[in-house]
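Have a look at the structure below, then the notes.
The values are calculated or read from the model by the stated rules, or taken from the named source; none is laboratory data. All figures in this text were calculated on a predicted structure; none of them were measured in a lab. Because the Cβ atoms are built from the backbone with ideal geometry, glycine has one as well, and the counts that use them run over all protein chains shown. Heads up: the accessible areas ignore ligands, DNA and RNA and are worked out on the full protein's heavy atoms, side chains in. Shrake-Rupley method; radii C 1.70, N 1.55, O 1.52, S 1.80 Å.
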Amino acid sequence: MLELAIIGGGPAGITAGLYACRGGLKDVVMFDMGMPGGQITQSSEIENYPGVKEVKSGLDFMQDWLPQAEHFGLKFEMSAVDKITKNHDGSFKVSFLDGSSQDAISVIVATGSVPKRGGFEGEGEFFGRGVSTCATCDGFFYKGKEVVVLGGGDSALEEAHYLAKICKKVYLVHRRDSFRAAPSTVERVKRTENIELILNASVKKVFGDAMGVSGVELDTKDGIRTLDVPGIFVFVGRNVNNGVLKQEDGSYLCELAQSGEIKVDLKMRTNVAGLFAAGDVRSDAARQVVCAAADGAVAALEAISYVDNFKGGH
Ligand SMILES: Cc1cc2nc3c(=O)[nH]c(=O)nc-3n(C[C@H](O)[C@H](O)[C@H](O)COP(=O)(O)OP(=O)(O)OC[C@H]3O[C@@H](n4cnc5c(N)ncnc54)[C@H](O)[C@@H]3O)c2cc1C
């Protein structure tokens, strides 16, 4: 039986592995369906990780994370996890898509979440070159410039407000005439002078050249409107990778937030003893590498004491 199974090999999962092994846990295995590194490996540059002054690609940035954790005993297996269930003795069964399974005393779920796409022309072509899904990551690149934000929920409005502090102007485009976001957030956005609301409108396409986006074409109730902007931020929801928690009867192994994110306390504990969540998949995550890594460390420290107690009681 493993002492700890970590599901997901992004910044949260690898850091959890590093702290768990260095903290003395034995038989710790991290499972990822692909190469470890997580979604930051899709990024062409990361410049906000403390202490790393040189701007690197996400792939280069993550290069040493797994070898460092392996040095302390973390094992990595490339396997897609299908589901996690609870055994009668309080341990967990981790089942894989190939039909095999492994038991573990504790489990850290670090499977991340993926932003949904807006579905407009040019979105894929210009992703990372003017099309972004993260204001904290990319907002700074548009300092003093004009940008479009697409969406009408809490994230879209909060990110529009964040960008308005950095950018010259933010066009907030939403397909309805009212917002789903909290009324206080809507009021704050309406009071912000450099945010222009464009309602009952959708993004038709983004266009540009080899340098990146140079404009966005909108379909509005008054016809086509073109905005000459170098960036568009898409906040139309997220797919939370919580499928591994789904049980045979359709329920989830632990409590989830309404958004589908895994509810945790400040120690990354779910409401099921021995089951932890870390990184972008947990509720109220800041969705940054530094925060995911910190979550992984906290979850691992908690898993160490859980495993100690579990072994003491058996
Ligand atoms: C383009 C882009 C640019 C970004 N730029 C920045 C930036 O500049 N600064 C910053 O701090 N953050 C940035 N981020 C955000 C950052 O990448 C995430 O916050 C961070 O990667 C979250 O880490 P995580 O470990 O929680 O999840 P992830 O990195 O999403 O890792 C989850 C891992 O779980 C695996 N997984 C999922 N389901 C299963 C399963 N069923 N079985 C096995 N494995 C599974 C996935 O393959 C993945 O490797 C950016 C993100 C993107 C996409």
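What percent do you get for the relative contact order of the range 70-160 when only Cα pairs under 8 Å and 6+ apart count?
Computed value for the range 70-160: 13 percent relative contact order.
By how many nm would the segment from Ser305 to Lys75 lengthen if fully extended, with 0.36 nm per residue of separation less the alpha-carbon distance?
80.8 nm
Nearest 20 debye, what's the magnitude of the dipole of the chain about its Cα centre given +1 on Lys and Arg Cβ and -1 on Asp and Glu Cβ?
680
Would you kindly work out the equivalent ellipsoid of the chain from its C-alpha gyration tensor and give its semi-axes, the square roots of five times the eigenvalues, largest first in whole Å?
In descending order the semi-axes read 40, 21, 17 Å.
Excluding ligands and nucleic acids, what accessible area in Å² is computed for Lys168 using a 1.4 Å probe, to the nearest 10?
130
List the cysteines of the chain that have no other Cys Cβ closer than 4.7 Å: which are they?
If one checks each Cβ against the other cysteines of the chain, Cys21, Cys167, Cys254, Cys291 turn up with nothing under 4.7 Å.
How many percent of the accessible area of the chain is carbon or sulfur, using a 1.4 Å probe?
Accessible surface attributable to carbon and sulfur in the chain totals 49 percent.
Order these peptides, 77-88, 43-54, 197-208, by their mean beta-carbon neighbour count within 10 angstrom, highest first.
Going from most to least packed, we get 197-208, 77-88, 43-54.
If the chain between Ser259 and Asp228 were fully stretched, how many nm would it gain, using 0.36 nm times the residue separation less the Cα-Cα distance?
Separation in residues times 0.36 nm, less the Cα-Cα distance, equals 7.8 nm.
Just order 28-39, 2-13 by mean Cβ neighbour count inside 10 Å, highest at the front, would you?
Going from most to least packed, we get 2-13, 28-39.
Could you tell me, in Å, what Rg and Dmax come out for the Cα atoms of the range 230-314?
15.1, 60
When the Cα centres of the range 26-93 and the range 110-135 are compared, how far apart do they sit, in Å?
Using only Cα atoms to place each centre, the spacing works out to 22 Å.
To the nearest 0.05, how large is the calculated FRET efficiency for Ile166 and Gln247 if R₀ is 30 Å and r is the Cβ-Cβ distance?
Calculated value: 0.10.
What ranking, highest mean first, results for peptides 61-70, 17-26 when packing means the other Cβ atoms within 10 Å averaged over each residue?
In decreasing order of mean packing, 61-70, 17-26 become 17-26, 61-70.
Counting pairs of alpha carbon atoms under 8 Å apart in space and at least six apart in sequence, what relative contact order in percent does the range 117-234 give?
32
Distance between the C-alpha centers of the range 280-314 and the range 218-261? Whole Å please.
The range 280-314 and the range 218-261 have Cα centres spaced 25 Å from each other.
Show Thr136, Thr270 ordered by accessible area, largest first, where the area counts protein heavy atoms only and the probe is 1.4 Å.
Thr136, Thr270
For the chain, which DSSP H helices look membrane-span-like by this rule: Cα extent along the axis of 18 Å or more and mean Kyte-Doolittle of at least 0.0?
289-313
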